[in-house]
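As structure tokens, the structure follows; a few thoughts come after it.
Please treat every number below as a calculation from the coordinates, not as lab data. Just so it is clear, the structure is predicted and the values come from calculations on it, not from any experiment. Glycine also receives a Cβ, built like all others from the backbone with ideal geometry; neighbour counts cover every protein chain displayed.
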Amino acid sequence: MNVLETRNITKRFANHVALNGVSISVPEQSIFGLLGPNGAGKTTLIRIINMITGPDEGEVFLKGEKLEKNHIVNIGYLPEERGLYKKMKVGEQAIYLAQLRGLTYSDAIRKLRYWFEKFELMSWWNRKVEELSKGMQQKIQFIVTVLHEPKLLIFDEPFSGFDPINASLIKDEILRLRDNGATVVFSTHNMASVEELCDDIALINKSNKILEGKVNEIKYSYRSFSYQVEIAGTGASLKERLNKDFEVYDEVLQDGLLKAKIKILNNKTTNDMLSALMPHGTIHALHEIVPTMNDIFIAKVNADINLNYSSSGLTE
Amino acid sequence: MNKIFIIIKREYLSRVKKKSFIVMTILGPLLMAALMIVPYYVTKLDREQQVIDVLDETGIYYKMGSNETIKFNYIYTDLQTAIAGFDGDKSAALLYIPKPDMLEPTNAILYYSDKQPGNTVTSYIKDKMKYIYENRKLMELYGIDKKQIDEAKVRININSQNIETGETNLPIATTIMGIFAGFLIYFAIFMYGNQVMRGVIEEKTSRIVEIIVSSVKPFQLLLGKIIGIALVGLTQFLLWIVLTLSLVAVFQVSVGAKDILSKPQTETVQQGNVLVPENNTPAPVQDYDDESVRSLVKSFGEYNYSLIIFSFFFFFLFGYLLYAALFAAIGSAVDNEADTQQFMLPITIPLILAFVLAQPIIENPQGPVAFWFSVIPLTSPIVMMIRIPFGVPAWEFILSMALLILGFLACTWLAAKIYRTGILMYGKKVSYRELWKWLKY
């Protein structure tokens, strides 16, 4: 069952279309990455899901029900443009924001203490926010977002502004939240974090969704059937010695060990390749060259641009 | 509802706990008290006696009486010697009254060395000379008894009295009352309206607003902020009133009290002087002032204060609420305070207009200008406060209040539309056309 679904969301601003019929489905208890270049419309989609702005067309469903204002309590939202009252004390402010999200005073205190101790922020409780570093402020914003234990969490660029240590701290927390039953949607440019975290992704470019699915499946469908091979005792280049089913490139011979990339052609399998290689030496290592999300992202966005370019060329 | 209350609480407490609030609250009454007390001391300091040398060639003006600020020192020589012998340190000026051959001896020259004598001195001398000359003429030419002359002198006072309530007061007191109340409202709307605007800008620039509107409606945030600051304003005014009254009370009990209380007695004595024929001194100019100040003070005591205070709080509250919503809309449309200027004008104009109109309204407090501007919501908080001390028909008063409440609801409704769009709009210079579009979303 999908926790969150958007159906044909369209949003127009004065002189451009921010979203053009975007539909996404977020499965329960998963981590969903919303990817796309700057200005693609990710933040607009997230704002619509949080009912901060309304769509011109289309609908949002939460657990099969049409999204209503009273559902918002079940969503924890960390905006991209986020801040805190600079002159207010950290603790007071966290309590205030927790209360606005519907927690009672005593619940807020109890839960905040747990999270502040976990993130080692307790000594900052009575300090003013302006004395905190940006990273610390981000941690507090993260805490306030997850504090009321919503079933659906939406983070807009959660890792921007974090150093690697704190970014991995937040990553661990996101994984833990998912394991405890929450569903997480986040937008990011950070492709490494997509590989580490996401179960599913949607790629938005220029107001349109151009790709959606499980990360594994997408990667599988984008594989190039290329393999990195390390083989000893071949003596020299393999390039001319294999048949036409295998294309060898990027060969490096070092201390008797040949490192090469081999692309399998003509529907041959890995086993075929192994049998073809075995007569030439001892195979030390073999692994598939899987496209990274980064490669897919760039390829897909560029393809989209070329497509638009050529199609606009056609209409002329 | 509960969330609005949480917002109100934060807006209120975060401001009341600020140092600047505490300082302003304490300094305000001190300044007010100083405004009341300092002039009293200043007039006392000013009473240092000035010596005026008099060279009277006519021989008529030999009996000009001195008072505590001016002392006449008669000298008998010729003008050259008098000017040569004039000592600027001892005497403030030399009054030379020549004896003309043909004309009446009513001209004089006041010689001074470095400091020109002030208006008080010249008008005092004029009064004295006039008094003496007139009396002399009446007595010598028409043979009227000195006593009869003095008896014929009267002073006319006009007090106005309300037929229904029996309130008596001076028109001048009513004017002061009205202007003061109107000014306080004007000042309060600007001060607290600005706080609302700055609060909105702060939330927008610090980007906390998006975190908040993901848990509450923008309208709740707007309303919570406006009400929270309204309570700050009410707290500050109440504290100011209480502190000012207690300061004045403390002042009255301490040293100053004796002086203020004993003054009426000396006044009676001086007033008595006028009636004593042997003494040529008329009541000094100063005392006319004292007299009117006291009747003014007395007059202030006679207003229907419960009505004035009720109206003040009503018109302050709703006038503020109306404008605060507009201030908030402006704050939401800009990225920093410097950009607010272009939008401030439409808000400032009605407020300033109300103040500019104060003069014609006071001259004709029941006229059409006064009526219309005291029922139109944008100007009514100030204009109505100016009119109230003059008395306002009940139906006009109720109409004005009803329209103000409606105006507040309408403004808040419009402002909320701009606010809702504006707070999430960054890095864009907004024009009036843009605002108009937001209204229609």
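Dividing the summed -39500 (n - 2.57) terms of all DSSP H runs of n ≥ 4 by the residue count of chain A sets its mean residue ellipticity at 222 nm at -10500 deg cm²/dmol. Partner aspartates and glutamates whose Cα lies under 15 Å from the Cα of A:K206, excluding those fewer than 8 positions away in the same chain, are identified as A:D304.
Between the residues A:L238, A:F186, A:Q228, the greatest Cα displacement towards the positive end of the dipole of region A:160-246, with unit charges on the Cβ of Lys, Arg, Asp and Glu, is found for A:L238. Toward the positive end of the charge dipole of the protein assembly as shown, about the Cα centre and with charges on Cβ (Lys, Arg +1; Asp, Glu -1), which of B:T379, B:A84, B:I201 goes farthest? With unit charges placed on the Cβ atoms, the residue in question is B:I201. Close amide H partners of A:G76, meaning residues 5 or more places away or on another chain with modelled amide H under 5 Å apart, are A:L152, A:L153, A:I154. Charged side chains reduced to their Cβ positions (Lys and Arg at +1, Asp and Glu at -1) give region A:27-136 a dipole of some 520 debye around its Cα centre. Computed from backbone phi with θ = phi - 60° and the Karplus coefficients 6.51, -1.76 and 1.60, the 3J(HN,Hα) list for region A:283-300 is 7, 8, 8, 8, 8, 6, 8, 8, x, 7, 4, 4, 4, 5, 4, 5, 4, 5 Hz; x is used for glycine and proline.
Close amide H contacts of A:I210 (hydrogens built in the peptide plane, cut-off under 5 Å, sequence separation of 5 or more or a different chain): A:L203, A:I204, A:N205.
Using the charge dipole of region B:87-160 (Lys, Arg: +1 at Cβ; Asp, Glu: -1 at Cβ; taken about the Cα centre), state which of B:P98, B:Y112, B:Y133 has its Cα farthest towards the positive end. Among B:P98, B:Y112, B:Y133, the one farthest towards the positive end of the dipole of region B:87-160 is B:Y133.
Taking a straight line from the alpha carbon of A:K263, these lysines sit under 19 Å away, with near neighbours fewer than eight places off in the same chain left out: A:K219, A:K239, A:K244. Spacing of the modelled spin labels on B:K146 and A:S106, each 7 Å from Cα toward Cβ, amounts to 9.3 nm. Among beta bridges from DSSP that stay inside the protein assembly as shown, the antiparallel ones total about 65%. In terms of the Cα gyration tensor, with a ≥ b ≥ c the square roots of its eigenvalues, is region A:7-83 rounded because a/c is under 1.5, prolate because a/b exceeds b/c, or oblate? Rounded, because the longest to shortest axis ratio a/c is under 1.5. Taking θ as phi - 60° and the Karplus parameters 6.51, -1.76 and 1.60, the scalar couplings of region A:251-261 work out to 7, 9, 9, 9, 6, x, 10, 9, 10, 8, 10 Hz in sequence order, x denoting glycine and proline.
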